[in-house]
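Following: one structure in structure tokens, then a few remarks.
The values are calculated or read from the model by the stated rules, or taken from the named source; none is laboratory data. For clarity, every value in this text was computed on a predicted model and none was experimentally measured. We place every Cβ from the backbone using ideal geometry, glycine too, and count neighbours over all the protein chains shown. Note: accessible area is taken over every heavy atom of the protein model, side chains too, but ligands, DNA and RNA are not part of it. Shrake-Rupley method; radii C 1.70, N 1.55, O 1.52, S 1.80 Å.
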Amino acid sequence: MEILDSYVGGEWKRGSGDGESLVDPTTEAVIGTTSTDGLDWQGAVDFARREGGPALRALTFAQRGELLRAMSRAIHGARDELIEAGIRNGGNTRGDAKFDVDGASGTLAHYADLAATLGDAKVLVDGDTIQLGRAPRFVGQHVFVPKVGAAVHVNAFNFPAWGLGEKAACALLAGMPVITKPAASTALVAWKIAKLVAPLLPRGAFSFVAGPPGGLLMPLGAQDVVAFTGSSRTAAALRALPGVVQGSLRLNVEADSLNAAVLGPDVSPGSDTWNLFLKDVVREMTQKAGQKCTAIRRAFVPRALAAEVEEELVARLREVKVGDPSHDGVTVGPLATAPQLRSGRAGIEKLATGARVVIGGTGPFEKVGVTGDKGYFLPPTLLVCDAPDGATAVHEHEVFGPVATLLAYDGSAAHAAALVAKGGGGLVCTVYSDDRAFVAEALFAIAPFHGRVMLASEKIADQAPGPGTVLPQMLHGGPGRAGGGEELGGLRGLALYSQRVAVQGSRPILEALLGLKKG
Ligand code: NAP
């Protein structure tokens, strides 16, 4: 039994009381506990601001990058132990757990490489120097400087490693100290990472809250940042925080998303693009048991191809083995918690009010390596919605599990885009087509509703990692239902933790102070 402690104020501390239980979702056995009751929240935030901020800001980008590289190496070095923890506490298959752990070390390594390209600079320059006066000596320059508060990271249960790593990479490189909080239910992996990385960083640069948030967000103000990943419901509560409403506390929200995949009418059965579409839909439904914010929830296919796509997907999903994620051959483990299972089942019932279940559902099903009725298992479930224009639940309700709905459209890009937009804003939409005219029309109609658009075609069929993989080079986030936030995107990810300032003055002074190239 692990008792998870928190690292705040430069010390490992246990909360009082019994706290919350961490459960193995395969067996329902309690494997750990965590409590944050009684922690000194004001003290934790003050310590990060006072000690961690100045220590990081004294470093160059290259030096901060070396910290990220050390974190990446430490996580990679403990890969096997972290994967085991992901299987035990998250119900991940080995592949799912690797995806999370390698996502963390890979993203940190990517930002370490980016940092090296910035060298000895401490200020990030934004755009070119602009001549402001009649004479060239009066100029202006936009720069990003680190905010001087604390960056509080609140993560969802599904990516305890990657969520910690990707947020920490951007904040630490920007020069802000991090206080990171995983979801309590799956905190084991993040706690193990915290134990590894805390000693590698300057005092106060990294703090870890092992359980419920308590009063962590209450002391925050205009120089602090909250980067939140989780449900729209919690996001709504955070938007009402006094610091946000009255104090200009910067809040970034990564929330729900009804990600879409659109199969173009030009795609013929058996082609590379067709196979890529089917492979991606099945992967996105099954990887991490569908508990990915970027998973395809709605697959749009031209009406003429709908029956064939349905048949192919059902055949592939029938082969998927659900069960104990430590068993060979099992590719779908349990959902992470009992509430997630309840909500997944209720979600399927809700979707079924406007669609029919063609495989899976809420009834009994076969599980590998599981005794009795233990575990939070949900089978891969595909629904078909025959009347997508009038449907509501499928465009409004995210079922956070191995669940997707197939919807037919009339074959025009305009109709596909109009249906996609009913999702109210998403993280990613993929268009599978080799017809440039269709792709062009679809791209510009769906782009305003998404943070990322993937154009999948036969030319990249053998290379694309799939829309569900968030790459550090590219933005992650989306408008509307997805929360309106932005993370990652290479150096763009540092903006959240920085103040963009327009500096005006004489060219030699700006060149000297901001480290600009001489004009
Ligand atoms: P959640 O219930 O909203 O919890 C997310 C995090 O918020 C947890 O760490 C939770 O802590 C914390 N939290 C809850 N109430 C809080 C409060 N009042 N103040 C501060 N923190 C609070 O979401 P979840 O069930 O973990 O995650 C599933 C959802 O996340 C799905 O809807 C999914 O779409 C979304 N998600 C989005 C992305 C993205 O990048 N857009 C990525 C992954 C997941 P405790 O666990 O301690 O309660």
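Structure notes:
- Members of the stretch 319-371 that are of a type in the set (Lys, Arg) and in a helix (DSSP H, G or I): Arg342, Arg345, Lys350
- In the stretch 163-187, the residues that are within 13 Å of the ligand (Cβ to nearest atom) and either of a type in the set (Asp, Glu) or surrounded by 24 or more Cβ atoms within 10 Å (Cβ to Cβ) (or both): Gly163, Leu164, Glu166, Lys167, Ile179, Thr180, Lys181, Pro182, Thr186, Ala187
- Top-ranked residue of the stretch 230-253 - restricted to ones that are part of a loop (DSSP other than H, G, I, E, B) and within 12 Å of the ligand (Cβ to nearest atom), ranked as farthest from Arg481 (Cα to Cα): Leu241
- Neighbours by Cβ (under 6 Å, 6+ apart or cross-chain): first from the stretch 321-339, over 10 Å from Arg94 (Cα atoms) and outside the structural domain of Ile87 (by TED's automatic domain parsing); second open to solvent by 20 Å² or more (accessible area, probe 1.4 Å) and in a helix (DSSP H, G or I): Thr337/Ser185
- Qualifying residue in the stretch 104-118 (condition: open to solvent by 10 Å² or more (accessible area, probe 1.4 Å), at negative phi, assigned by TED's automatic domain parsing to the domain that holds Asp24 and not in a helix (DSSP H, G or I)): no
- Screening the stretch 418-519 for strands (runs of 3 or more DSSP E) wholly inside it with 3 or more residues that are open to solvent by 30 Å² or more (accessible area, probe 1.4 Å) returns the ranges 450-456, 498-506.
- Boolean, Ala227 is in a strand (DSSP E or B), open to solvent by less than 60 Å² (accessible area, probe 1.4 Å) and among the small types (Gly, Ala, Ser): yes
- A single member of Gly204, Gly243, Gly221 is more than 20 Å from Asp37 (Cα to Cα), open to solvent by less than 10 Å² (accessible area, probe 1.4 Å) and over 22 Å from the mean Cα position of the chain (by Cα), and it is Gly204.
- Just one of (1) at negative phi; (2) under 15 Å from the mean Cα position of the chain (by Cα) fails for Leu488. It is (1).
- Here Gln287 meets each of (1) over 15 Å from the mean Cα position of the chain (by Cα); (2) closer than 27 Å to Gly165 by Cβ; (3) not assigned by TED's automatic domain parsing to the domain that holds Gly149 with one exception, condition (1).
- Residue satisfying all of: in the stretch 142-159; part of a strand (DSSP E or B) and buried (at least 23 other Cβ atoms within 10 Å of the Cβ); farthest from the ligand (Cβ to nearest atom) among these: Pro146
- Just one of the listed residues (Asp272, Asp256, Asp266) is of a type outside the set (Val, Ile, Thr) and within 16 Å of the ligand (Cβ to nearest atom), and it is Asp256.
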